[in-house]
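To keep things clear, I will list the structure first and then write my remarks on it.
No value in this document is a laboratory result; all are computed from the given coordinates. Given the structure is predicted, the values throughout are model-derived calculations rather than measurements. Cβ coordinates were reconstructed from backbone atoms using ideal geometry, including for glycine residues, and neighbour counts include every protein chain displayed.
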Amino acid sequence: MATAAAALLRLSRSRRPLLPLSSLRLPPPAPYHHHSHSQTPPSSSSSHARLPAFLSFLAAAAAAGGTTVALCDSGIDHRVGGKESTELVVRGERKRVPNEFIDELASFLGENLTVDYEERHYHGTPQNSFHKAVNVPDVVVFPRSQDEVQKIVMACNKYKVPIVPYGGATSIEGHTLAPHGGVCINMSLMKKIKSLHVEDMDVVVEPGVGWIELNEYLKPYGLFFPLDPGKSIVYCLRPGATIGGMCATRCSGSLAVRYGTMRDNVINLQAVLPNGDVVKTGSRARKSAAGYDLARLIIGSEGTLGVITEVTVRLQKLPSHSVVAMCNFQTIKDAADVAIATMLSGIQVSRVELLDEVQIRAINMANGKNLPEVPTLMFEFIGTEAYALEQTLLVQKIATEHHGSDFVFVEELDAKEELWKIRKEALWAGFAMKPDHEAMITDVCVPLSRLAECISVSKEKLDASPLTCLVIAHAGDGNFHTIILFDPSQEDQRREAERLNHFMYLEKELGIESLRTMKRIKAALDPNNIMNPGKLIPPQVCI
């Protein structure tokens with residue numbers, strides 16, 4: 001348990017007091033920065049030889065006299081950070097922000113702004129990602145309103161200062177890295193629940209509202225927000241995933257099999273675009289065929305198109321009863337086949353989660369349990385008491401037909417929470433299994449009919465690897481994750497992790513023409529490339 005606690009506690013940190021307004025002057029660049037503008041820049045040939053290809057891309061843009069994001073070099077591998085790279089240090093080019101810029105922010109933010117190094121380092125160092133940036137934000141701001149966000153963005157666009165929006169910081173993929181410095185916009189003070197419409201079953205919230213606190217607020221009304229990203233993080237020592245961050249990353253989670261993803265549960269949103277304009281993507285009406293679907297464009301954009309300042313989300317009725325079940329299998333294919341058969345049968349499950357034998361072993365080690373170390377499926381059924389029990393027994397029959405064993409189900413609240421705790425602590429159990437390692441986490445989505453085949457093939461490769469690899473799946477909708485534990489300081493382990501993850505490149509998932517279209521949209525909305533630069537779209541994509 002000590003190793004588990006150590007792995008979990010590194011994810012928590014209380015916020016430091018902000019510096020007084022009188023102290024708001026940028027300190028000299030810290031030694032860790034790549035270079036400051038006061039230093040003599042190296043020659044073009046030598047710098048391009050040493051810097052990663054992404055910097056060559058930026059240097060070419062600067063040399064051309066503009067900040068267009070359209071330049072690229074398709075002949076070079078520009079991957080820097082993200083799902084497909086095991087590079088420990090994400091490099092970037094930092095330009096010292098002028099004091100006039102800081103003064104302009106301070107004029108309306110007051111003390112909700114800090115240049116304290118520890119605070120900047122904390123915000124620029126993701127707590128759940130092995131990636132580290134060579135630079136950190138130059139300033140961290142804490143806006144209280146959409147008006148303040150708008151003024152921040154306009155100032156950044158005026159001075160061409162990069163922006164990194166910051167939500168609950170539960171991301172595992174380095175979304176909050178600031179490799180080019182700039183401004184980190186922490187949305188934690190924008191956490192108002194602005195209006196609840198019980199009869200319409202929707203609620204309007206600011207982006208800093210956490211999904212857990214939102215559901216606590218909704219409980220007395222018999223309603224809930226139907227996404228569970230599993231980002232409660234260390235027993236509430238941190239605030240967990242926020243609605244704004246869940247929009248920005250197009251969050252999914254274990255309930256998506258029944259209620260859909262964030263894309264399906266946002267009615268409309270407001271965002272500040274890179275030029276400072278505020279866009280509202282629609283009304284509270286559930287249906288509209290008018291114009292482009294701007295909400296869906298911004299959802300999943302990871303802060304590259306604007307800063308989300310308000311979200312209207314759909315709500316659902318709290319179920320009157322639920323049953324949680326668990327079943328063991330000899331092979332992961334049998335478990336996946338049961339998930340597929342359950343969905344094809346029309347049974348209305350709310351969760352179907354799969355954990356492989358390595359994940360169960362990690363849970364046993366971390367929590368002192370004695371679960372059978374075999375592939376395991378977990379289910380949740382909701383509805384009336386009679387309906388939920390009927391569905392449970394139907395799935396038990398399906399599991400038995402596919403060599404399932406030890407099928408158990410519980411209805412008491414404490415027992416259900418204890419079972420789901422196994423799933424929710426899966427990642428932290430993996431860290432406890434290898435406390436000195438980091439995790440690369442893949443995210444594979446396939447048609448449901450191919451789930452068993454894809455998981456089986458993946459397991460063969462993972463089991464043959466010298467690295468410790470765990471598999472978790474939202475098996476009801478064809479989505480599975482692999483957790484690859486490795487030591488980033490060991491070159492051989494980094495290479496092996498990247499080899500295992502090689503098939504996860506965005507280009508293979510979307511296709512190059514989709515990426516080019518995304519880049520054209522980015523260039524049109526953000527010609528100065530200030531919004532979370534270097535994220536989401538691979539820099540080598542040419543337009």
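Below are the figures for this structure:
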quantity: Cut-off 9 Å between beta-carbons: net charge of the residues surrounding Ile193, Lys and Arg +1, Asp and Glu -1; calculated: +1
quantity: Added length on full extension, which subtracts the Cα-Cα distance from 0.36 nm per residue, Phe108 to Arg263; calculated: 52.4 nm
quantity: Over 30 Å (Cα to Cα) - which of Lys132/Lys519; Lys287/Lys421; Lys95/Lys280; Lys424/Lys519; Lys333/Lys421 fall in this group; calculated: Lys287/Lys421; Lys95/Lys280; Lys424/Lys519
quantity: Per-residue ³J(HN,Hα) for the range 434-441, Karplus 6.51 cos²θ - 1.76 cosθ + 1.60, θ = phi - 60°, Hz, x for Gly and Pro; calculated: 10, x, 9, 10, 10, 10, 9, 10
quantity: Local electrostatic count at Val323 - Lys and Arg +1, Asp and Glu -1, tallied over other residues with Cβ under 9 Å; calculated: -2
quantity: Efficiency of FRET between Ser449 and Ser405 - r from beta-carbon atoms, R0 30 angstrom, step 0.05; calculated: 0.75
quantity: Coil-residue GluC sites (Glu not before Pro) of the range 384-441, DSSP, other Cβ within 10 Å capped at 10; calculated: Glu412
quantity: Convex hull volume of the range 193-317 per residue (C-alpha atoms, cubic angstrom); calculated: 109
quantity: Computed lengthening from Glu373 to Met154, 0.36 nm per intervening residue step minus Cα-Cα distance; calculated: 73.3 nm
quantity: Packing-based order for 450-463, 473-486, 319-332, using average beta carbon neighbours within 10 Å, highest first; calculated: 473-486, 319-332, 450-463
quantity: Förster radius 51 Å - calculated FRET efficiency between Tyr117 and Tyr221, Cβ distance, rounded to 0.05; calculated: 0.70
quantity: Segment Arg296-Thr384, extension gain: residue separation times 0.36 nm, minus the distance between their alpha carbons; calculated: 28.3 nm
quantity: Charge context of Val374, other residues only, Cβ under 11 angstrom, K/R +1, D/E -1; calculated: -4
